[in-house]
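What follows is a single structure, written as structure tokens, with notes after it.
Any read-out appearing in this document is the output of simple, stated calculations on the displayed coordinates, not a laboratory observation. Being a predicted model, the structure only gives us computed values, none of them experimental. Ideal geometry is used to build each Cβ from the backbone, glycine not excepted, and the neighbour counts take in all protein chains shown.
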Amino acid sequence: MLSLKAQSMTPSMTLGISTKVKEMKAQGIEITNLSIGEPDFYTPKNAKTAAEIAIKNNKTKYDAAAGLLELRKALSKKLLAENNLMYSPEEIVVSNGGKHAITNTLIALVDPGQEVIIPKPYWVSYPEMVKLTGGVPVLVDTKKENNFKITKDELKAAITDKTKAIFITNPSNPTGAVYTKEELTEIVDVCVENKIYILADELYERICYLDEFTSVASISDAAKEYTVTINGFSKSAAMTGWRLGYTATTKELAKAISGIQGHLVSHPCTIAQWAAVEVLNSCEGDMQKMVAAYRARRDEAVALFEEIPGLSLVQPDGAFYLFVDMSSIKDKLHYSDSFSMEVCNKLLEDHQLAVVPGVAFGNDDFIRISYAADINDIKAGIEKIKNFVSGFNL
Ligand code: GLU
């Protein structure tokens, strides 16, 4: 009965684990939850008030498929001021979260059988999104020594005459690695030369601990021509449940994305969009406070991990994840299918700690830890990992 597409799809492991943890908590089981990447902060007050006002003023009707003009104007200003990117409101489409922004883009760009390069480790949903929209995911290995950032040579080796696009996640979910301008420039050059579109997933752009963050599209006019800048409010403004993402790209592509969106969902919730306008107008301070808290937690978590023998991390310069190499216990643990699943099952069942297995992101030697959580939970979680690992006498 099910379509081939539905049969070939694996449900989201990040959402699956988070749902399981909620169920366990509801049964009274105490769990330290460092699994899902969801800010533990609340949406800024002004944004919530703006949503209430929108409801009171009956701003509850259909609006433009591309999103509220007021929001696209505010995003246009933000992109110029913060990312050195000149996009007009006609080049911006607001969607129901980053996932939807990506899916719209894939529908607009990729024909059946065309290939989309996905550097490993990848964010859990990319391969499934590509398959669901008719493309072929091409998973490309990257090196731990390079913090799992794809190099121009790795990219070149993966290109075929069917390659249409590549995902560049910066800062990375799951690793937290951040590309430098020089690294991006090398990738962009290869993409432009081969007419490959860059899906620049910059959802964590604000959560970057380096002095400089470079948006792919800002590298050159040619880069901008081939890039779809993808961003959203979930992580930067703690608005996961409001479901607001956006794309900024060429007018032609934006028109196609907006047309597709118009048929699929009309547009994102109008009330949520009014809240987002307010985020851009008056919530800068709230967002900066969150980033400062993530940075302090990152520093503390990294220091604690350094004390655990046998484990190593990818350098986390952004986002709010630690990608931990567990391979030193690989030959000491019995597992049938996936090593990282077994590690995570043991952590959950024996230590009441929820984290995400690396296999969800294409690297089975690793686990992902989210530090978008209370510092006491982070400390308790790392202590549990320490206890778990100490049983193997490394
Ligand atoms: N993006 C977050 C994560 O990776 C939220 C869950 C999801 O959307 O998959 O945990």
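With Cα atoms as the point set, the radius of gyration and Dmax of region 281-388 evaluate to 14.9, 54 Å.
Below 8 Å, C-alpha to C-alpha, sequence gap of six or more: please give me the relative contact order for the chain in percent. This gives 24 percent for the chain.
Across region 235-258, the residues whose backbone nitrogen lies under 14 Å from the label position 7 Å along the beta-carbon direction of residue 55 are 242. With neighbour counts taken as other beta-carbon atoms within 10 Å, the residues 392, 366, 339, 41 rank, fewest first, as 392, 41, 339, 366.
If you take all other residues with their beta carbon under 10 Å from the beta carbon of residue 343, and give Lys and Arg +1 and Asp and Glu -1, the sum is -1. Arranged from fewest to most other beta-carbon atoms within 10 Å of their beta carbon, 331, 299 become 331, 299. Cβ under 14 Å from residue 49's Cβ, residue 49 left aside: what net charge do those residues give with Lys, Arg +1 and Asp, Glu -1? Once all neighbours under 14 Å are counted, the net charge is +1. Residue 281 to residue 48: FRET efficiency via 1/(1 + (r/R0)^6), r the Cβ-Cβ distance, R0 22 Å, to the nearest 0.05? Calculated transfer efficiency: 0.95. Compared with the dominant Cα axis of the chain, that is its longest principal axis, helix 98-109 is turned about 60°. Relative contact order of region 19-111: 17 percent, from C-alpha pairs under 8 Å at least 6 residues apart in sequence. Ranked by the mean number of other Cβ atoms within 10 Å of their residues, highest first, the peptides 369-377, 135-143 come out as 369-377, 135-143. In this simple spin-label model, placing a label point 7 Å from the Cα along the Cα-to-Cβ direction at both residue 181 and residue 30 gives a separation of 5.0 nm.
Measuring gaps between exposed loop sites in the chain (GluC sites (Glu not before Pro); DSSP loop; at most 15 other Cβ atoms within 10 Å), the longest gap, sites not included, is 31-211. Near the amide H of residue 197, within less than 5 Å, lie the amide hydrogens of 165, 166, all on another chain or at least 5 residues away, with H placed in the peptide plane.
Per-residue ellipticity at 222 nm, computed for the chain from helices alone with -39500 (n - 2.57) per DSSP H run of at least four residues, works out to -13000 deg cm²/dmol. Note on region 176-197 and region 1-63: Cα centroid distance 32 Å, given to the nearest whole angstrom.
Here the Debye sum runs over all C-alpha atoms of the chain as equal scatterers in vacuum, and log10 of I(q)/I(0) at q = 0.07, 0.13 Å⁻¹ comes out as -0.31, -1.12. How big is the antiparallel share of DSSP beta bridges in the chain, given as a percent to the nearest 5? Given both bridge residues lie in the chain, the antiparallel proportion sits at roughly 50 percent. With contacts taken as Cα pairs under 8 Å and at least 6 residues apart, region 310-356 reaches a relative contact order of 22 percent. Take the Cα of residue 394, go 7 Å toward its beta carbon, and none of the backbone nitrogen atoms of region 24-58 fall under 16 Å from that spot. Listed by chain and number, the lysines whose C-alpha is less than 28 Å from the C-alpha of residue 346, apart from same-chain residues fewer than 8 away, are 20, 22, 25, 120, 143, 144, 330, 332, 379, 384, 386.
Think of the chain as having a plus end and a minus end, set by charges on the Cβ of Lys, Arg, Asp and Glu; of 220, 140, 28, 28 sits farthest toward the positive end of this dipole. Going by neighbour counts of Cβ atoms within 10 Å, the residues 274, 242 line up, fewest first, as 274, 242.
Taking trypsin sites (Lys or Arg not before Pro) across region 51-141, the ones in a DSSP loop with at most 10 further Cβ atoms lying within 10 angstrom of their Cβ are 61. Computed over neighbours whose Cβ is under 14 Å from that of residue 87, the net charge equals 0, Lys and Arg +1, Asp and Glu -1. Using only the Cα atoms of region 1-127, build the gyration tensor, take square roots of its eigenvalues as a ≥ b ≥ c, and label the shape rounded, prolate or oblate: rounded if a/c is under 1.5, else prolate if a/b is larger than b/c, else oblate. Oblate, because a/c is 1.5 or more while a/b does not exceed b/c.
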